[in-house]
1. Output the pairs from 107/293; 268/312; 129/188; 312/466 with a Cα-Cα distance over 32 Å in this structure; if there are none, say none.
2. Could you tell me what fraction of 2.2 N^0.38 Å the Cα radius of gyration of the stretch 157-277 comes to, as a two-decimal ratio?
3. To the nearest 20 Debye, how big is the dipole of the stretch 378-420 about its Cα centre, given +1 on the beta carbon of each Lys and Arg and -1 on that of each Asp and Glu?
4. Could you work out how far the C-alpha centroid of the stretch 135-156 sits from that of the stretch 276-313, in angstrom?
5. Rounded to two decimals, what is Rg over Rh for the stretch 253-326 when you use alpha-carbon atoms and the Kirkwood radius?
6. Report the FRET efficiency, 1/(1 + (r/R0)^6), for residue 58 and residue 323, where r is their Cβ-Cβ distance and R0 is 41 Å, rounded to 0.05.
7. Quick one: net charge around residue 327, please, counting Lys, Arg +1 and Asp, Glu -1 for every other residue with C-beta under 11 Å from its C-beta.
8. 7 Å from Cα along Cα→Cβ at both residue 192 and residue 166: what's the point-to-point distance in nm?
Amino acid sequence: MKSNKMNKLLFLLLISFFISCKKETKLVSVVKPVIQVEGKSVVIDSVLLNSYSNKNLKDFYLSSGFKSVWQSKNDRKIILEQLFNSKNEGLNPEDYNLKALQKYEKKYDTLSDKERAIYDILLTRSFQKYISHLSNGRLNPADLYKDWDLKENTIDINETIVSLLKSDSLVFKIEQLKPNDKIYKSLKKALKIINSFPKDDFKTFEIAKKIVLNDTNPSIIDIKKRLIFWKDMKPKDSLSNIYDSETQESMKKFQIRHGLAADGVIGKGTVEALNFSKKKRKEQILANLERWKWFPKDMGKEYLIVNIPDYKLNLVKDKDTFRTHKVIVGRAKRATPILSSRLSNVILNPTWTVPPTILREDVIPSISKNRNYLAQTNMKVYDRNGNEVIANNWKLSNAKSYRYVQSPGSFNSLGMVKFSFPNRFSIYLHDTNHRDFFGKQKRSLSSGCVRVENPLELAEYLLGDKENWNLEKITETLQSEKTQHIKLKKEIKIHILYWTAWSENNTLIFRDDIYNLDAVLYRKLGK
């Protein structure tokens with residue numbers, strides 16, 4: 001009996017001990033490393049990490065259990081090559097401690113444990129910085145511009161590095177971090193092309209009047225040298241100061257590359273483009289490479305993309321451009337903002353409610369001079385209670401409190417069609433009652449919104465309903481002069497962006513920096 005009681009007591013003691021052990025085990029917090037360290041590692045001293053005062057760096061080594069992670073010679077080689085070649089992405093290798101890293105790598109086999117730890121930390125920090133710059137650029141556009149409405153390309157840097165470490169192809173994975181758009185790739189090509197040009201020693205020049213075919217001018221020889229330098233003209237043994245037909249054809253090529261009227265006439269705009277040095281053009285390319293890193297990584301399967309300095313809208317589907325429209329954009333004082341959104345409605349026979357800036361700077365001064373302005377522009381005025389204010393009762397003292405609405409019709413500033421999408425600037429695409437402006441070469445003429453040439457064809461495509469909204473039905477609705485809102489059924493994004501340089505078929509392409517963004521951005525990059 002005693003034996004049985006003793007056995008039961010021992011059994012209960014064992015159970016209680018087992019339970020207490022289990023509780024104790026639960027109370028012990030063991031952080032398992034997220035990063036699986038391979039090879040012979042060394043301990044990373046937290047004192048070394050503290051000198052960087054960088055949370056991402058501390059978190060990274062917390063995940064590795066404070067062990068070094070770059071034991072693989074091949075991984076180190078790939079990362080060092082990426083940092084060296086960062087110049088091809090418009091970045092600066094000096095930002096990533098490249099010289100110090102290369103010194104450590106050369107004597108890696110003879111490094112002490114502490115030196116290996118220092119090298120490991122430095123390599124991690126440089127790689128983190130490189131990933132950040134590849135994904136988001138070196139600067140934050142939100143700190144630079146008020147008229148900027150793009151979502152930041154967020155990335156978890158440490159999670160990304162962990163994923164890279166697990167990858168079978170480190171090079172491929174790093175490539176995926178770079179902007180994948182063909183324009184960005186063409187910019188990289190442009191950088192490579194311009195680096196292949198020799199140094200130039202051209203000085204800026206001016207002309208008193210336009211130069212046309214068969215003119216003789218002392219600047220012609222200098223112009224020919226520039227055309228030869230930029231490969232728009234074949235080299236010559238001797239150069240005359242006559243503007244001959246061969247030089248004119250070369251000038252037309254130059255003008256096409258720079259978005260100028262390709263008439264062969266050498267005027268102010270052409271001279272300005274000719275006065276750009278190789279150095280300035282390279283700076284422009286680098287500024288554009290930075291800007292493209294801020295743009296959306298995923299434009300969408302189907303989207304509209306407006307390049308403001310090129311005055312052009314492209315419709316892209318499955319990475320192919322299959323529709324192009326000329327556009328008119330905001331002038332420098334009323335610049336079109338940079339934004340990304342989703343098209344929501346097509347509005348036929350839109351009314352136009354005058355926005356504050358145009359009201360203050362254009363409409364109120366016009367009414368003050370001539371009350372007939374309201375009738376001439378088919379515009380109605382409403383007070384705060386929604387009551388119509390006739391022209392004779394309009395008061396300058398109350399002018400800013402009124403709401404001004406232009407009725408639908410051929411005189412409407414928005415034309416016959418409006419394309420709306422949510423954004424904080426109240427910007428939209430629309431038709432215009434000044435269609436002759438599309439014949440101009442420089443089309444920064446609007447007050448911020450984007451005017452589109454041939455908008456009815458664009459509306460028909462976007463609506464995607466041949467039965468109910470073909471071109472004939474759209475025209476019938478427009479003739480009624482009744483406003484109609486039509487919601488888009490499919491998802492089509494819109495990106496209004498800004499880039500002034502790229503390449504096509506191994507040829508450099510430039511556009512006038514109409515908002516003067518490139519030189520300022522380059523200076524802020526501190527290159």
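1. Values: 107/293 35 Å; 268/312 23 Å; 129/188 20 Å; 312/466 26 Å.
Checking Cα-Cα distances, 107/293 exceed 32 Å.
2. Details: Rg = 21.4 Å, N = 121, 2.2 N^0.38 = 13.6 Å.
Rg over 2.2 N^0.38 Å, computed on Cα atoms: 1.57.
3. Numbers: 6 positive and 2 negative charges, 26 e Å.
Roughly 120 debye for the stretch 378-420.
4. 14 Å
5. Working: Rg = 15.5 Å, Rh = 14.8 Å.
Checking Rg against Rh, the ratio lands at 1.05.
6. Numbers: r = 51 Å, r/R0 = 1.24.
The value I calculate is 0.20.
7. Details: positive: 312, 326, 443, 451; negative: 310, 453.
Result for the local shell: +2.
8. 3.3 nm
Taken together, the values in this text are just the output of simple stated rules run on the coordinates, not laboratory data. Quick caveat, the model's predicted, so the values are computed rather than measured. Don't worry about glycine lacking a Cβ; one is built from the backbone with ideal geometry, like all the others, and counts go over all protein chains shown.
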